[in-house]
1. Please go through the stretch 116-134 and give me each residue that is surrounded by 11 or more Cβ atoms within 10 Å (Cβ to Cβ) and either outside the structural domain of Phe147 (by TED's automatic domain parsing) or free of Cβ contacts under 8 Å to residues at least 40 places away in the same chain (or both), ordered by number.
2. State all residues of the stretch 59-74 that are touching a Gly at 6+ places or on another chain (Cβ under 6 Å) and touching a residue at least 40 places away in the same chain (Cβ under 8 Å); if no residue qualifies, say none.
3. Let me spell it out: the conditions are (1) surrounded by 13 or more Cβ atoms within 10 Å (Cβ to Cβ); (2) modelled with pLDDT under 90, and Gln13 meets all of them except one. Which number is the exception?
4. What residue, among those in the stretch 52-100 that are among the aliphatic types (A, V, I, L, M) and either under 16 Å from Leu113 (Cα atoms) or modelled with pLDDT under 90 (or both), is surrounded by the most Cβ atoms within 10 Å (Cβ to Cβ)?
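The values are calculated or read from the model by the stated rules, or taken from the named source; none is laboratory data. Note that the structure is predicted; figures quoted are calculated from it, not measured. Glycine gets a Cβ as well: all are built from the backbone with ideal geometry, and neighbour counts include every protein chain shown.
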Amino acid sequence: GGDNGRVSAVLMQQGQIIWQQRISQPSGATEIDRLNDVDTTPVIVDGVVYALGYNGNLTALDLRSGQIIWKRELGSVNDFIVDAGRIYLIDQNDRVVALSTEGGVTVWTQSDLLHRNLTPPVMYNGYLVTGDAEGYLHWINTTDGRFVA
């Protein structure tokens, strides 16, 4: 991703761009509102590229063609996880969200950590783990989004 709202596929040896796809459009009254950076690391699973923009969209793209498979209005600056048919991410307001890789349907949302400056999530022993600005770790059940510890 880049600061232009696009995700690109590049041939590594030649540096040639295979395709580019815009996943975020600048909009809004302020410069912050108009940010459309794709700062997260795209994730590739089973021929699908999942990309997430700051003020943009979570988008599933076909790896070969770059065509959009589905798109959800959802933004973040944190890297995210794709695991066992689900996408786990921290949104701009620090909601922890689980979505299906099939269509991006929301499976659950954990809103008890709003505005806690959460770290990108990691998987550990089958649990989703995120930290906050105060140094606490939060262990979340991946099935229903409830806190484990």
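1. So the first thing to find is which residues in the stretch 116-134 are surrounded by 11 or more Cβ atoms within 10 Å (Cβ to Cβ), and the list is 116-123, 126-133.
Selection gives Arg116, Asn117, Gly126, Tyr127, Val129, Gly131, Asp132, Ala133.
2. The first filter runs over the stretch 59-74 and keeps only residues touching a Gly at 6+ places or on another chain (Cβ under 6 Å), leaving 63, 70, 72.
Correct list: Leu63 only.
3. Condition (1) is where Gln13 drops out.
4. Applying the filter and picking the extreme gives Leu52.
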